[in-house]
Structures are given as C-alpha cells and as structure tokens.
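Participant: Have a look at the structure that comes next, please.
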Amino acid sequence: MSDNKPPNEYEKEQPSFRFAQMRVADPQQPLIATQPRHKPPTHPAPAAARESDVIDKNEFFGAAANNDDDEKAASSNWVPTTLRPVPAFYPLEKSSRLIEDEDPREIARRLSDCLRSLSVQAFYNNDTASLLTAENVEMHLSLWKTPSTAANPGVVVELQRRKGDSIAFHRYSRSILDAAVGDSMPLDAFADDVMYSKKVQRLMQLPKNQETQEHENAIIAIEIAHGLIMKDRMDARVLGLESLCLLTDPRKTGYITAVLASHVVLLGSTQGIEIPGAQSEQELVMDEGPFQEIREAILGLVQFSRIGEAEDQEDSVHQADAESMMLLHNLALAVLANALDVVERSDRFDEDFGDDEPEDSKPRSRLRTASSNDVANEFLQQTEELSNKEILSTLIAELGKAQQKPHDATLSAKCLGSLLRASDEAKKRAQELGAKQVVSTALDVGVRTHRKLETECEKVVKVLTRTESETELDRQRQNGGEGSE
C-alpha cells in the first residue's frame, strides 16, 4: 500500500472484528474457521451428534467376512502365516497346481480337511507339511507364492513323493490337488482299499490246476510267507508280512484261504476247521511247526516290536533297523486286525462272496469252525501264556499313542473292537484296564485329524456302552448261520 493515498482510504480498509478458533485437525473442515461478529453464537453439538448416523455397509459386512475367515482358520489344523516365493532355479514337480485369487488360509483349510478325510497323518510347519499314509507312503506338501512379476499371481500347491509306492502316491496326489482347488471328493474313495507291492501280488498268483483246491493253495502260500518272515533280511520280512495281509483279506484271496490264515495267525493251528472232502482224503497239511512260528512272530512284533529273542538288545539296533521295525510293527497290526475281523464276522464274508458266484459254477466248499467267542477267548489265553503279557493291555497302550501314531492306533482300535464284540471276558477286562477313557481321547484325535481312527473308535465306544442283553442278541444274529452249512 502506498503512503501517498489520502487518509479516508485507510479507514475503509480497516479490518472488522473477527475471531479465530483453534482445534484438532479435521480433514473435512479447515483448521481456521472465520465467523462474523454479528452472527449469533452457536452451541457446540455433542460428540455423538457430530458423528455420522449412517452405517457403512461395506465396512460392516467386510468385518463380518473377516470374522468368518478367522473362525475357519481357527478350526483348521493348518494356518500358514507367510508363504515363500518360488526360488528362481527351482523346478516344480509335475504334481503341482496353481490356484489364482485364493486366500492361502482357505487353501490350507481345504487341504487339512482333505487329509483328514483320507486319514493321512500330517505334521504342519507354516507353509509345508510332512505326510504319511496308511500304506507307508511318505509325501511332502508345500505352498509357494508366485512372484509379483508373474502373469498369473496366486498360490502354487506342490506335492512330492519321498518314499513308498508310486501308484498309491498318484492316487493320493490327484485327490489332494483336487481338494486344494475346491473340487469335492467322495469320502469312501479310499475306504478299505490298501495298495500292496506288485511283488506280493505276483507271489499270491499261484498256478491253478483244476484238481487243486483252494485250501491246498492256502497252505502253500502260508508256508511261503513263513519262509520270508523267518529270514534275516528286512525286505524279505516286509514281503512276508504283506503276503499275510493279503492272505487274511477275503476280498483279495478267498473265504477259505482267509479263514485258514486267520486261525494260523491267532492260534498257530488249523485244528477245528472242517473242510468237506479235505479231511477224508487227508489233503490238509497238518505240519503246524511253521504255523506256530508265524503266530510267535506276529505277537512279538505287535507286543515287543521284535522277532525272536536275539533282537532284544536295543543298543545294537541302528536307525535304519528301527525304522524297519516300525514298518514291521504296523504290518503285524494289520495282519492281526484282518485275522480278528475274519474270525469275528466270518458269516458276513461268506454271504458276500456267495452272491458274486456265477450260477453255473461248482458249489464252493463250506467251512465249519468254532464260534468267534471260543476262538477269541482261546487267543487271549494262549497269548498271555506265550508272552506273559496281555494283548488287551498292548492294544490299549497302542491306542493311547493316537496323537503320535494314528495309523497304528486305528489298527489297534480295529483289533480291540473285534475282540470286545466276540468275547464278554475281553469286554470286562478292557473296562478294568480303563479302555473307555483311552478310546475317548483317541476319538478326539480322530475327529480332528483322522477319519478312520474316528470310525473305529466310535465302534469300540459303542461296544463298551452296550448292555449284556444287546450284546448277546447281536452275537446270536451273527452266529446264527455258523455251522449250519
């Protein structure tokens, strides 16, 4: 402003009375508010009134969706926090799948549910998981994050086979990768379908002659399995136990073969089994020395994880031998579970196989055996006399390790259920040993991680809570057809 202006112009430019209000910064309003003096003063609105009364729907429903995701993640056994990018020179396996626009936690939840449905033991470690199937197939599961420069960003699910049957691995890999994408899988896809090596299947395919009967082939196959189990080599022992798994399974060998092999495993003898035509012709081999050794080997592996007395020294057992013994222990439990199932419900297998026979086929030989109650009680008595240890206490103790070894616990629960259904004495003794509490704990583990363990434990709980009258009625229904044909 120039000093040469007249004085009256200074009066016109004098400022009017105003005030400045200093307060906390608000992005919607300026820091300094001006207000003329002549305007009537306004009282400040309450804090609640200054806030908007309109609900932000996006914010509300977004928070609800986040809460649902948090609940799903909390219920899942696998909650990865961070994912590593795929290394620059890392070749991905062919058994891998790229999933775009998916939350890694949702993918991990689907994989966890699938592994539980398949009864696969899993050890989770952030973005990786070590898997072990009931067929002793070891796998490694990894979650990778694609690079930011990738054309299709997302999560890569990779599955590697570390050990075990390749055919079984491919069956599992297809189901697991499909579950990662979100495809549904039937729960019974792997039910009661165990994959054995091709060597065992070739071993069981004996040359057939029209005059050769099934029981003769069964005796020959049992003797071959005995020769393999008694060898010093671990691979031969594994092959012998796998052959016994097949021999005690009526769906893979035959009804007569399964009954004969089951009695050999449980009692070390084929006494009490009547095959029409075999006794009169003296065609049934009665040399039961190998049968006794098979029973002793199975009980030694189940109760003490060893074959014979020479392997009692733990210091001389190497790590590789310890892993092999764990495998033999698992196979021995599988053999025992099959044998007890055949003896306890032999009439069921007889009816199932009778429906599949063609009309023009020759009538199959019918077996006459002792009742399941007598066989179970004799098995319990002979086992305690032979090893000085109750088989029930061994099975209950094995079931108590369900968290560490769910596959062994599943087989133990299957053995325990067959014994309790067949024998009232076994049921009373199991209750005295505290089986109900152990089974309840194992059931919780199965509900969370292992479907087959859950199923078998539910059967055991049902038997333990059943009254004596219901048990007797069911046993009469099951044994109604035994010995009648």
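Values quoted throughout were computed directly from the atomic coordinates according to the rules given, and no laboratory measurement underlies them. Everything quoted here is computed from the prediction, not taken from an experiment. As a convention, Cβ positions derive from the backbone with ideal geometry for all residues, glycine included, and neighbour counts pool all protein chains shown.
Participant: Highest first, please rank the peptides 154-163, 398-407, 85-94 by the mean number of other Cβ atoms sitting within 10 Å of their residues.
Facilitator: 398-407, 154-163, 85-94
Participant: With 24 Å as the limit, write out which pairs from Lys231/Lys405; Lys414/Lys462; Lys231/Lys452; Lys405/Lys428 have Cα-Cα distances beyond it, or answer none.
Facilitator: Correct reply: Lys231/Lys405; Lys231/Lys452; Lys405/Lys428.
Participant: Tell me the net charge near Lys94. Cut-off is 13 Å between Cβ atoms, Lys94 excluded, with +1 for each Lys or Arg and -1 for each Asp or Glu.
Facilitator: +1
Participant: Would you mind pulling out the separation of the Cα centroids of segment 244-265 and segment 100-172, in Å?
Facilitator: About 36 Å separates the Cα centre of segment 244-265 from the one of segment 100-172.
Participant: Still on this structure, I have one more. How do the peptides 268-274, 332-338, 98-104 rank, highest first, by the average count of neighbouring beta carbon atoms within 10 Å per residue?
Facilitator: Top to bottom by mean Cβ count within 10 Å: 332-338, 268-274, 98-104.
Participant: While we're here: How large is ³J(HN,Hα), in whole Hz, for each residue of segment 398-414 in order, when computed from phi with the Karplus curve 6.51 cos²θ - 1.76 cosθ + 1.60 and θ = phi - 60°, using x for Gly and Pro?
Facilitator: Karplus-based 3J(HN,Hα) across segment 398-414 equals 5, 5, x, 9, 5, 5, 8, 9, x, 5, 5, 5, 5, 5, 5, 5, 5 Hz.
Participant: Among 321-330, 380-389, what's the highest-first ranking by average C-beta atoms within 10 angstrom per residue?
Facilitator: 321-330, 380-389
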